[in-house]
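So the structure is just underneath, and the comments pick up after that.
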Amino acid sequence: ASLAGVAPFEISSGSSINGGFHVNCYSHKQLKGIFHIAALAAIRFNPQMKEYFDRKKKEGKKGFVAMNNVKNKLIHQMYAVVRTKTPFNPEYVYKRAA
């Protein structure tokens, strides 16, 4: 997520200067652009991602912040598919231990 430029980092200096959270400007620009186009397509054609994006907007997040959240979610989903070596299942429900 950091390499793709979607991981937020806090900008602060001491206790008096708080600049909020921003993404790293030293990211891989081409990769960041590819994830932006993928996020736009996911919001448009994937009902779960559209619902996730709309929920973030209703929480009061700005458009590009919500878009950044979608990009981060896509990266996490891709990593999970590669890690588990199983095809993506949109109906998968994570079973937590009791």
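What is the distance in Å between the Cα centres of segment 1-48 and segment 51-98?
About 14 Å separates the Cα centre of segment 1-48 from the one of segment 51-98.
Need one number: nm distance between label points at Arg96 and Asn18, each 7 Å from Cα along Cα→Cβ, rounded to one decimal.
Here the modelled spin labels are 2.8 nm apart.
How would segment 1-53 be classified by its alpha-carbon gyration tensor: rounded, prolate or oblate, with rounded meaning a/c under 1.5 and the a/b versus b/c comparison settling the rest?
Since a/c reaches 1.5 but b/c is at least a/b, the shape of segment 1-53 is classed as oblate.
Structure shown: which of Lys56/Lys85; Lys58/Lys85; Lys32/Lys85; Lys29/Lys73 lie over 26 Å apart, alpha-carbon to alpha-carbon?
In this structure, Lys56/Lys85; Lys58/Lys85 lie more than 26 Å apart at Cα.
Rounding to the nearest 20 debye, state how big the charge dipole of the chain is about its Cα centre with +1 on each Lys and Arg Cβ and -1 on each Asp and Glu Cβ.
Roughly 180 debye, rounded to the nearest 20.
Before anything else, pin down the relative contact order of segment 19-75: Cα pairs under 8 Å, at least 6 apart, normalised by residue count, whole percent.
The normalised contact order for segment 19-75 reaches 33 percent.
Averaging sequence separations of C-alpha pairs under 8 Å and six or more residues apart, then dividing by the length of the chain, give the relative contact order as a whole percent.
So the answer I get is 22 percent.
Calculate, for the chain, the solvent-accessible area per residue in square angstrom, rolling a 1.4 angstrom probe over the heavy atoms of the protein chains.
79 Å²
Roll a 1.4 angstrom probe over the protein heavy atoms and tell me the percent of accessible area of the chain that is carbon or sulfur.
61 percent
The values are calculated or read from the model by the stated rules, or taken from the named source; none is laboratory data. Everything quoted here is computed from the prediction, not taken from an experiment. Glycine also receives a Cβ, built like all others from the backbone with ideal geometry; neighbour counts cover every protein chain displayed. Ligands, DNA and RNA are stripped out before the accessible areas are found, and what is left, the full protein with its side chains, is counted by its heavy atoms. Shrake-Rupley method; radii C 1.70, N 1.55, O 1.52, S 1.80 Å.
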